[in-house]
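Notes follow the structure.
The values are calculated or read from the model by the stated rules, or taken from the named source; none is laboratory data. Just so it is clear, the structure is predicted and the values come from calculations on it, not from any experiment. Positions of Cβ are backbone-derived with ideal geometry, glycine not excepted, and every protein chain shown enters the neighbour counts. Side chains included, ligands, DNA and RNA excluded: accessible areas come from the protein's heavy atoms. Shrake-Rupley method; radii C 1.70, N 1.55, O 1.52, S 1.80 Å.
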Amino acid sequence: MVWLLQGLLGCEPGEVTALDLGCGDAGRLVVATGAREGSDRGVAVRREPDGTTLLFGTVDDPLPEDSIQEAWLASVRLDDSCAVDPAYGAGGLAWLVASDPDSAPESLGAVVAAEDGGSALYGVAAAPYPLDDGTVASFPAAFATAVDRDGAPLGGLAARHVVAPGQPYPEDLELRGVAARPDGNVQLLTESWSGPALLATDGVAVDEALAWLALDATRVEGLAVLDDGAIVIGGTFPDAGAVPGLIRLAADGAVDTAFGTAGVAGVGTGGDVESRTSVAALPDGRLLLAGVVDLDGGYQALGVIRFAADGAVDRTFGDNGVARIDLGALGHANHHALQVLAVASDGAILLGGDVDDLDDPSGPRIGAARLLPDGDLDPSFADGGVFTADTADETLGGLDAATDGVVTLIATHAVSDRVGEWVVYRLAPGAQGQAVR
């Protein structure tokens, strides 16, 4: 998920952004969603100008076993003191999609703010599809749904199946990217067995226009739409040397051959960003590609590479074009997973993800880092630019950096193999708390 943040971060010069110990229990807030048992997942978070915070995720609902409803979409609003707002939804919890015998949300991929203070949600749902023999079967589909500022649903869930040319029915589907378009609509990037495809949506209905991308790609992950409508996609492309890179398309989906080499910009010697990737466009046309990099000794770190607008690696960024960030609480880690790349309009870059330390078998922890525009860690953020949570068995869902300088993270804590819960961390300018790395 990529968040393009509006406005400047509101930190005073020299003011440190640290863990807010007043939010929850010693800086860690567990959000009760009301389900008796289930793999609840915290996915997205947004701090509003009035100081309230919206949380979004999925909640396994205790429905009968014969129900196809696997998860509900839910939202919670917190006030500025991190207390659940009982005026939101029903007693503080808003169910965003009611149980529907025909369509059932399976995963939530992204949430985008609407101009009226509402929210548009995108993900994958199981939806009915008519087969040639006259029967109907359930297949994965991309969905959009919208809610108002108080959590009330605006219509139902609009699902759109992705059927490859020549195929008789839809295939398994993953949502790989969401980005706002210059026309006010939203671009969705999906991937199935047959390859990637682009869909457009206004946040309520998913456009019937579907563009299949004839890309030679092992995997796509990450999406940005530029001011001129051009589309930049991250992924692994054989033309880039079978390593992650970027490909730029014109607004009509045609490959822009003026970008990089025949439309593809590989990381080359700038770094070795791997695994899940995320993409962001900077206001000056430069591009960021984030993922995971391998370090000496079998360790890993999060990595960000900056590209010039023409696809060349920008060697002035970080260390010869790549910034490497270790979230390990012990100073080194053997496994990182990128979850969030965010860019503020002042040029600050925020990364969020999960980390497993080589010498700590207790399970993954979440972390976040803030970089200065040149790729160096921001010393005024947490511990030398990096925050790592103390609690194990957590995975990051979303991150938001508001204009008042507050950085909010939402995560999922695995209570057991079958039970998960939403967890929130808030870092604020001038706060006195500090998680230990």
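Of all residues in region 160-192, count the ones that are under 18 Å from Leu341 (Cβ atoms) and either among the β-branched types (Val, Ile, Thr) or in contact (Cβ under 8 Å) with a residue 60 or more places away in the chain (or both).
7
Which of the residues belonging to region 354-393 are under 21 Å from the mean Cα position of the chain (by Cα) and at positive phi?
Matches in region 354-393: Gly375, Gly385, Asp393.
Go through (1) modelled with pLDDT under 85; (2) assigned to a strand (DSSP E or B); (3) open to solvent by less than 70 Å² (accessible area, probe 1.4 Å) one by one and return the number of the condition Asp272 breaks.
Failing condition for Asp272: (2).
For a quick check of your reading of the model, give me the residue pairs whose first member lies in region 110-132 and is touching a residue at least 24 places away in the same chain (Cβ under 8 Å), whose second is among the hydrophobic types (A, V, I, L, M, F, W, C) and in a loop (DSSP other than H, G, I, E, B), with beta-carbon atoms closer than 8 Å and at least 6 apart or on different chains.
Sorted first by the residue in region 110-132, then by its partner, the pairs are Ala110/Met1; Gly118/Leu154; Ala120/Ala114; Ala120/Val204; Leu121/Leu96; Val124/Leu173; Ala125/Leu157; Ala126/Ile68.
Looking at region 157-171, can you tell me whether even one residue there is buried (at least 22 other Cβ atoms within 10 Å of the Cβ), of a type in the set (A, V, I, L, M, F, W, C), at pLDDT 85 or above and within 28 Å of Val304 (Cβ to Cβ)?
No.
Inspect region 130-140 for any residue being under 21 Å from the mean Cα position of the chain (by Cα) and either among the small types (Gly, Ala, Ser) or surrounded by 14 or more Cβ atoms within 10 Å (Cβ to Cβ) (or both) and give the result as yes or no. Full working, then the answer.
Initially, region 130-140 is screened for residues under 21 Å from the mean Cα position of the chain (by Cα), giving 140.
Okay, now just the ones that are also either among the small types (Gly, Ala, Ser) or surrounded by 14 or more Cβ atoms within 10 Å (Cβ to Cβ) (or both), so 140.
Within region 130-140, one or more residues are under 21 Å from the mean Cα position of the chain (by Cα) and either among the small types (Gly, Ala, Ser) or surrounded by 14 or more Cβ atoms within 10 Å (Cβ to Cβ) (or both).
I'd like the full set of residues that are open to solvent by less than 10 Å² (accessible area, probe 1.4 Å) and closer than 20 Å to Val419 by Cβ, limited to region 392-404.
Those that are open to solvent by less than 10 Å² (accessible area, probe 1.4 Å) and closer than 20 Å to Val419 by Cβ: Glu394, Leu396.
It is to be established whether one or more residues within region 296-304 are modelled with pLDDT of 90 or more, among the charged types (D, E, K, R) and either in contact with a Lys or Arg (Cβ under 6 Å, 6 or more places away or on another chain) or in a helix (DSSP H, G or I) (or both).
Among the residues of region 296-304, not one is modelled with pLDDT of 90 or more, among the charged types (D, E, K, R) and either in contact with a Lys or Arg (Cβ under 6 Å, 6 or more places away or on another chain) or in a helix (DSSP H, G or I) (or both), which makes the answer no.
Of everything in region 364-391 that's part of a strand (DSSP E or B) and open to solvent by 20 Å² or more (accessible area, probe 1.4 Å), which residue is farthest from Phe317 (Cα to Cα)? Even if it seems obvious, please write down each step before you answer.
Going residue by residue through region 364-391, those that are part of a strand (DSSP E or B) are 365-371, 377, 381, 383, 386-388.
Next cut, open to solvent by 20 Å² or more (accessible area, probe 1.4 Å) only: 365, 377, 383.
On the way: Arg365: 28, Leu377: 12, Asp383: 22 Å.
Going through the qualifying residues, I end up with Arg365.
Looking at (1) among the hydrophobic types (A, V, I, L, M, F, W, C); (2) at pLDDT 90 or above; (3) open to solvent by less than 60 Å² (accessible area, probe 1.4 Å); (4) farther than 30 Å from Gly155 by Cα, can you tell me which one Val267 breaks?
(2)
Restricting to region 103-122, name every residue that is polar (S, T, N, Q) and modelled with pLDDT of 90 or more.
Initially, region 103-122 is screened for residues polar (S, T, N, Q), giving 103, 107, 119.
Of everything in region 103-122, just one residue is polar (S, T, N, Q) and modelled with pLDDT of 90 or more, namely Ser119.
Out of the residues in region 212-235 that are surrounded by 16 or more Cβ atoms within 10 Å (Cβ to Cβ) and among the small types (Gly, Ala, Ser), which is nearest to the chain's Cα centre (by Cα)?
Among those that are surrounded by 16 or more Cβ atoms within 10 Å (Cβ to Cβ) and among the small types (Gly, Ala, Ser), it is Gly222.
Is one or more of the residues making up region 65-79 in a loop (DSSP other than H, G, I, E, B), closer than 26 Å to Asp390 by Cα, open to solvent by 20 Å² or more (accessible area, probe 1.4 Å) and modelled with pLDDT under 90? Walk me through it before giving the result.
At the first step, the residues of region 65-79 found to be in a loop (DSSP other than H, G, I, E, B) are 65-71, 79.
Okay, now just the ones that are also closer than 26 Å to Asp390 by Cα, so 79.
Going one step further and asking which of them are open to solvent by 20 Å² or more (accessible area, probe 1.4 Å), we end up with 79.
Okay, now just the ones that are also modelled with pLDDT under 90, so none.
No - not one qualifying residue is present in region 65-79.
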